[in-house]
Amino acid sequence: MGNFQKQTFIECDRPDKRRVIRENWNLKYSACFVLCPLLANQSVPASVSVVSKIKSSPTNLLTVINNYNDSGKPSNRFAVCIKPLHFDYNRALQILEFIELNRIMGVEHFTFYNHTIGPQVGCILQDYVDRGLVTLLPWQLNMLSQKEIRTEGLFAALNDCLYRSMNLYSHVLLIDLDEYIIPRNNETLPQLIE
């Protein structure tokens, strides 16, 4: 436990505000936001725990990803968030076309969530990860897709990506692998926005 024991913990009990994302086809589970606003004199914590009752012992420690940049968002930078890849997704040509066409259109970074991918797509994505163009995150939920939650919890993944990206890029696109944004009168997405 080395570093874990040396860390300083500050207990700050505060009721949360929950906002459920309601597009879940009336299934048992849905993505939601658990909002815990900071007080004016508080800094962003390194991690938080979510418990069901105040004064309960925390059994989880969730790392806070703080990408806030007080110098402002970079101008005219585009990123793409893609819902979790599933069913051993292995359409290598489709994923290559998607990434390369969007790069031509001006997209700088892609975030993928790996529920299950096949070996060819895994190899392709790893090459892009090594080049710094792709972030590939594991995505495993302990619930049945389409029976208990909609499509591998796609709204949780897309919102995770949005919050990871929003202070790093001026524009974040939430699109699927069969969706393309092609400007009519411009050559790239940054030109379209200018």
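The values are calculated or read from the model by the stated rules, or taken from the named source; none is laboratory data. Quick caveat: nothing in here was measured; it's all calculated off a predicted structure. In this analysis, Cβ positions are derived from the backbone assuming ideal geometry, glycine residues included, and neighbour counts consider all displayed protein chains.
Residue check: Gln5 meets all listed conditions (1) within 20 Å of the chain's Cα centre (by Cα); (2) at pLDDT below 85; (3) not in a loop (DSSP other than H, G, I, E, B) but one, namely (1).
Considering only region 19-39, I want to know if a residue exists there that is touching a Cys at 6+ places or on another chain (Cβ under 7 Å), assigned to a strand (DSSP E or B), surrounded by 13 or more Cβ atoms within 10 Å (Cβ to Cβ) and modelled with pLDDT of 85 or more.
Keep residues of region 19-39 that are touching a Cys at 6+ places or on another chain (Cβ under 7 Å), which gives 19-21.
Of the ones still in play, those that are also assigned to a strand (DSSP E or B) are 19-20.
Those left that are additionally surrounded by 13 or more Cβ atoms within 10 Å (Cβ to Cβ): none.
No, the conditions are met nowhere in region 19-39.
Checking each residue in region 63-91 for being among the small types (Gly, Ala, Ser), surrounded by fewer than 16 Cβ atoms within 10 Å (Cβ to Cβ) and in contact (Cβ under 8 Å) with a residue 24 or more places away in the chain picks out only Ser75.
If you check Glu97 against the conditions, is it over 20 Å from Met166 (Cβ atoms), surrounded by 10 or more Cβ atoms within 10 Å (Cβ to Cβ) and either among the charged types (D, E, K, R) or at pLDDT below 80 (or both)? Before the answer, list the steps.
On the way: over 20 Å from Met166 (Cβ atoms): yes; surrounded by 10 or more Cβ atoms within 10 Å (Cβ to Cβ): yes; either among the charged types (D, E, K, R) or at pLDDT below 80 (or both): yes.
So Glu97 passes the test.
Here is the figure for region 49-63: residues that are at pLDDT 85 or above and among the β-branched types (Val, Ile, Thr) total 1.
Within region 113-143, work out how many residues are within 16 Å of the chain's Cα centre (by Cα) and either farther than 22 Å from Pro190 by Cα or of a type in the set (A, V, I, L, M) (or both).
12
Enumerate the pairs (first residue in region 27-49 and over 30 Å from Lys147 (Cα atoms); second residue anywhere and hydroxyl-bearing (Ser, Thr, Tyr) and surrounded by fewer than 14 Cβ atoms within 10 Å (Cβ to Cβ)) with beta-carbon separation below 8 Å, excluding pairs fewer than 6 apart on the same chain, so at least 6 apart or on different chains. Short answer, once both residue conditions are applied: Val44/Tyr68; Ala46/Thr63; Ser47/Thr63.
Among what's in region 140-165 and is touching a strand residue (DSSP E or B) at 6+ places or on another chain (Cβ under 8 Å) and assigned to a loop (DSSP other than H, G, I, E, B), pick the residue that is farthest from Pro84 (Cα to Cα). So, considering only residues that are touching a strand residue (DSSP E or B) at 6+ places or on another chain (Cβ under 8 Å) and assigned to a loop (DSSP other than H, G, I, E, B), the one farthest from Pro84 (Cα to Cα) is Met143.
For region 56-111, filtered to residues that are of a type in the set (A, V, I, L, M), in contact with a strand residue (DSSP E or B) (Cβ under 7 Å, 6 or more places away or on another chain) and outside any strand (DSSP E or B), the residue that is farthest from Val44 (Cα to Cα) is Ile99.
Taking the listed residues Leu137, Leu168, Leu177, Leu125, the one that is more than 22 Å from Ser75 (Cα to Cα) and either modelled with pLDDT under 95 or in a helix (DSSP H, G or I) (or both) is Leu125, with no other qualifying.
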